[in-house]
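Comments concern the structure below.
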Amino acid sequence: MSRLKSAFSKSFAVDILLRQFCRQICTTETTFTRNSFDSSSEAIKLEANSSYRRMKSLHETSITDTITLNDKVKIPCFGLGVYDIDVKLTRKAVLCALETGYRQIDTAARYKNERSVGEAIRESGLKRQEVFVVTKVYHEDHGYNETRIAFEKSLKLLGVDFVDLYLIHFPVPGKVVETWKAMGELKEKGFIRSIGVSNFNIHHLEALKMHSEITPSVNQIEVHPFLQESSLVDYCKDRGIVIQAYSPLTRGQKLDNHVLRSLAYQYNRTPAQILLRWSLQKGFVCIPKSFQSERIKENSKVFDFYIEEPHMEILDSLEEGYRTGRDKILWPWNG
């Protein structure tokens, strides 16, 4: 009964916020319509534009912005994810992303497209140091020697001399500590600039801490307004672990949400752009996946607007523990 009451209260609160929000939209539209033939309308528009410029100057961001990790390595705040994209499409997608201004590409041994990522980087004409490359060791390759062999294979497929960020893809129990040790040694030798984890929950991070003094620089997890992982995010933040958000667009499953669409209308953006902007303003590294050139370009257009705090709170109210990934049955890998 208490759970039902709590859910009702939350729904009621969101409804109030939405009503206020919609009233704001209607009021704004009415004001401009009423003044459309009035001599003061240009002054009103000028004041609005001036306010926008002031807001933008306070919250100026760029696709080339970086976040400094706990090991002093700088990671671009925005990148392209290539999860399960066909090898030919991967090459085209990465090329399009790099031409658009992306400077981070997230791949993995499991995705089987590392070779295409490397080919696209070389074809782009950019220097190796200009592109932040992320890849991951799959759980089938966990173990000290196995990880070293898997990394060497990834390096060869990518056709690079080093990887910027190497992650443990899943915290499958068994040989995580040995895997982490191998990654640390590869980092010391200069083959990896930074090491981190993916899909780790708090108890996984605590277990790793018991066996190593090296704190992961990144934890790559699914996170968006519908799955905010607040406890895990707070834990990582307190320990200097940057959150890298995969599936920030909910794999398209929530883009028709009425709250999201209302906010998109208010900001003259797409629902996808609202989700990406929310992620950036939360301080996450954002890696949306796409192989369509128009979507890759559209996703990058999130650095010229800022979601106001009341609207961020509305997005925060969408939390429902909604996990989109195929691995949701395995989460949290209780081992």
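Going residue by residue through segment 106-123, is there one that turns out to be outside any helix (DSSP H, G or I), within 23 Å of the chain's Cα centre (by Cα) and surrounded by fewer than 21 Cβ atoms within 10 Å (Cβ to Cβ)? Yes, the conditions are met somewhere in segment 106-123.
Restricting attention to segment 220-261, which residues are on the phi < 0 side of the Ramachandran plot, part of a loop (DSSP other than H, G, I, E, B) and not basic (Lys, Arg)? Residues satisfying the conditions are Val223, Pro225, Phe226, Gln228, Ile241, Pro248, Leu249, Gln253, Leu255, Asp256, Asn257.
In the condition set (1) part of a helix (DSSP H, G or I); (2) more than 17 Å from the chain's Cα centre (by Cα), Ile85 is compliant with all but (1).
Does Asn199 fit the bill of being buried (at least 21 other Cβ atoms within 10 Å of the Cβ) and on the phi > 0 side of the Ramachandran plot?
Taking the combined requirement at face value, the residue satisfies it.
Filtering segment 267-316 down to residues that are assigned to a loop (DSSP other than H, G, I, E, B), touching a helix residue (DSSP H, G or I) at 6+ places or on another chain (Cβ under 7 Å) and of a type in the set (A, V, I, L, M), which residue is nearest to Pro76 (Cα to Cα)? Among those residues, the one meeting the criterion is Val302. Against the test of being of a type in the set (A, V, I, L, M, F, W, C) and over 17 Å from Ile63 (Cβ atoms), the options Leu280, Leu260 yield a single qualifying residue, Leu260. Here Asn199, Asn268, Asn257 are screened, and the one residue that is under 30 Å from Lys156 (Cβ atoms) and among the polar types (S, T, N, Q) is Asn199. If you take the residues of segment 215-230 that are of a type in the set (A, V, I, L, M) and touching a residue at least 60 places away in the same chain (Cβ under 8 Å), which of them is nearest to Ile287 (Cα to Cα)? Among them, the one singled out is Val223.
The set of residues from segment 183-203 being under 21 Å from Asn145 (Cβ atoms) and either among the charged types (D, E, K, R) or free of Cβ contacts under 8 Å to residues at least 24 places away in the same chain (or both) comprises Glu185, Lys187, Glu188, Lys189. Can we say His204 is in contact with a strand residue (DSSP E or B) (Cβ under 8 Å, 6 or more places away or on another chain), closer than 16 Å to Asn299 by Cα and at pLDDT 95 or above? In short, no. Considering only segment 67-74, I want to know if a residue exists there that is at pLDDT 95 or above and surrounded by fewer than 14 Cβ atoms within 10 Å (Cβ to Cβ). Scanning segment 67-74, I find at least one residue that is at pLDDT 95 or above and surrounded by fewer than 14 Cβ atoms within 10 Å (Cβ to Cβ), so the answer is yes. Of all the residues that make up segment 257-296, how many are surrounded by fewer than 16 Cβ atoms within 10 Å (Cβ to Cβ) and charged (D, E, K, R)? Qualifying residue count, segment 257-296: 2.
Residues in segment 239-260 that are among the hydrophobic types (A, V, I, L, M, F, W, C) and over 30 Å from His203 (Cα atoms): Leu255, Val259, Leu260.
For segment 204-214, the condition holds for no residue, the condition being that it is assigned to a strand (DSSP E or B) and touching a residue at least 12 places away in the same chain (Cβ under 8 Å). Cβ-Cβ contacts under 7 Å between residues 6 or more apart (or on different chains), taken from a first residue in segment 143-168 that is on the phi < 0 side of the Ramachandran plot to a second residue that is among the acidic types (Asp, Glu), are listed as Tyr144/Glu178; Thr147/Asp141; Ala150/Asp141; Ser154/Glu114; Leu157/Glu114; Leu158/Glu114.
The values are calculated or read from the model by the stated rules, or taken from the named source; none is laboratory data. If you're wondering where the values come from, they're calculated on a predicted model, not measured in any experiment. Glycine also receives a Cβ, built like all others from the backbone with ideal geometry; neighbour counts cover every protein chain displayed.
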